[in-house]
Structure formats: structure tokens, C-alpha cells
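Just so you know, all these numbers are worked out from the coordinates, no wet-lab data involved. Computed from a prediction, not measured in an experiment: that's the story for all the values here. Cβ atoms come from the backbone with ideal geometry, glycine included; neighbour counts cover every protein chain shown.
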Amino acid sequence: MRFEAEIEGKVQALKLEEVNAALRKHLRPESFVVVKAGDFTKAAK
């Protein structure tokens, strides 16, 4: 449980700028893929 509490504390301490910087560094929107599944005929009704 101590590990989870430590991680939670670190996440809580993050600043918005730090999170945004990490997202810009690691996420590549041009590589995103959208997948849709299901019965779309039912959804159209």
C-alpha cells in the first residue's frame, strides 16, 4: 500500500505545465487510431 500512496502523492504534486510538457513529448496525435465497433443499424434508429 505504501507504493500506491507514494505514487498518488507524486501525481497530486504534478503541475499542469509538467503534465502538458509530458503529453507534448510523448503523445503523437498523428499516430492515433479511432476504432468503432458495434451494431450501427441499431444506433441509427
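Each Lys and Arg contributes +1 and each Asp and Glu -1, all at the Cβ; summed about the Cα centre of the chain, the dipole is approximately 260 debye. Students often get this wrong, so try it: which of (i) 28, 59, 12, 0; (ii) 26, 39, 25, 10, 1; (iii) 19, 24, 23, 22, 12, 0 is P(r) over Cα pairs in 10 Å bins from 0, in percent as calculated from the structure shown? Answer by label: (iii). Karplus-based coupling profile of segment 4-19, in residue order and whole Hz: 4, 5, 5, 4, 4, x, 5, 5, 4, 7, 5, 9, 3, 4, 5, 5, with θ = phi - 60° in 6.51 cos²θ - 1.76 cosθ + 1.60 and x standing for Gly or Pro.
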